[in-house]
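The values are calculated or read from the model by the stated rules, or taken from the named source; none is laboratory data. All figures in this text were calculated on a predicted structure; none of them were measured in a lab. Cβ atoms come from the backbone with ideal geometry, glycine included; neighbour counts cover every protein chain shown. SASA here: full protein model, heavy atoms, side chains in, ligands and nucleic acids out. Shrake-Rupley method; radii C 1.70, N 1.55, O 1.52, S 1.80 Å.
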Amino acid sequence: MTAWAPKRFWAEASVDETEAGFAVLLDGRPVRTPAKAAFLLPTRAMAEAAAAEWDAQERELRPLTMPVTRAANAAIDRVRPQQAEVACLIAAYGESDLICHRADSPAELVARQAASWDPLLDWARDSLRAPLIPTAGLLPCAQPADSLARLAARVAAQDAFALTALHDLVALSGSLVIGLAALDRAVAPIERLWDLSRIDETWQQDQWGIDDEAAEVAAARRRDFLQARRFLDLARPMP
């Protein structure tokens with residue numbers, strides 16, 4: 001059975017600036033979220049990107065082709081009502097951050113992880129004042145409480161739209177530090193940050209070759225990671 005999809009019912013999508021934010025209009029009528037909340041966005045750039053997604057729909061509405069709209073809906077309907085809880089969920093990644101968990105062999109992988117991840121730990125120590133301790137093997141390592149508190153404060157300072165992007169950046173990479181580096185924008189290009197989150201997978205590919213199914217999953221996750229960064233950039237006012 002073919003799933004039912006909503007039909008396009010509007011001729012034109014446009015943007016309207018209001019006192020509460022930027023609205024997307026379909027033939028002059030404001031879009032609302034799935035929970036029926038006002039679809040009000042923090043910047044004109046985000047609203048224009050969302051309006052372009054609505055304009056790009058053809059006969060049927062295809063939500064998977066509307067990443068900005070979907071992320072904005074999530075920010076308004078799901079993140080904003082429980083912002084503190086979402087921030088705590090994201091901050092918890094710092095307790096077992098990907099870049100702190102190192103292999104103890106073989107030597108080439110150990111060296112590759114150190115060369116890739118030590119600069120990120122240096123950045124967290126120097127710029128975020130949050131030194132973290134790398135550990136090798138399976139045993140967990142308790143991270144300094146002061147460092148975790150500073151990382152948590154950095155996360156909690158974000159608004160609902162930035163938190164929505166940060167959640168995806170952290171969950172997809174497995175690293176709070178990489179997610180915060182994506183927020184900073186000065187550490188490394190976003191494509192490089194994604195590559196840094198894939199050191200172990202890249203090593204496995206080098207040893208055993210590329211699995212087509214795994215490569216397809218990785219490509220989809222990379223796309224979502226880059227889209228999260230784009231959403232973050234759209235959420236920030238132009239300088």
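Computed values, structure above
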read-out	value
Average Cα contact separation per residue, the chain, under 8 Å, 6 or more apart, as relative contact order %	19 percent
Whole-percent carbon and sulfur share, accessible surface of the chain, 1.4 Å	55 percent
Highest-fluctuation residue, ALA165, ALA111, ALA11 considered, GNM on the chain with Cα pairs under 10 Å	ALA11
Accessible solvent surface per residue of the chain, calculated while the other protein chains remain in place, 1.4 angstrom probe, Å²	55 Å²
Compactness of region 5-90 - radius of gyration and Dmax, Cα, Å	13.3, 42
ALA37-ARG185 FRET efficiency (beta carbon distance; Förster radius 30 Å; 0.05 resolution)	0.55
Gaussian network model of the chain, springs between alpha carbon atoms under 10 Å - residue of ALA72, ALA182, ALA157 with greatest fluctuation	ALA157
Full-extension gain in nm, ARG80 to SER127, via 0.36 nm per residue minus C-alpha separation	14.1 nm
Sequence of GLU213, GLU201, GLU19 from largest to smallest accessible area, 1.4 Å probe	GLU19, GLU213, GLU201
Residue order for CYS141, CYS88 - accessible surface, 1.4 angstrom probe, largest first	CYS88, CYS141
Proximal charge balance of VAL110 [Cβ under 15 Å; K/R count +1, D/E count -1]	-3
Helix-only mean residue ellipticity at 222 nm for the chain, each DSSP H run of n ≥ 4 adding -39500 (n - 2.57), per residue, nearest 500	-16500 deg cm²/dmol
Alpha-carbon centroids, region 56-102 and region 151-218: separation in whole Å	13 Å
Inter-label distance, nm, simple model (7 Å from Cα along the C-beta direction), ASP200/ALA157	3.0 nm
Extension gain (nm, one decimal) between GLU19 and ASP224, 0.36 nm per residue minus Cα-Cα	70.7 nm
Answer label for mean projected area of the Cα convex hull in nm² (calculated), chosen among (i) 17.3; (ii) 15.8; (iii) 12.4	(ii)
The chain: most fluctuating residue of TRP203, TRP194, TRP54 per GNM, C-alpha cutoff 10 Å	TRP203
Beta bridges by DSSP in the chain, antiparallel share as percent, to the nearest 5	85 percent
Probe 1.4 Å - accessible area at GLU58, Å² to nearest ten	130 Å²
Interchain or long-range residues, amide H under 5 Å from ALA136's placed H	ARG102
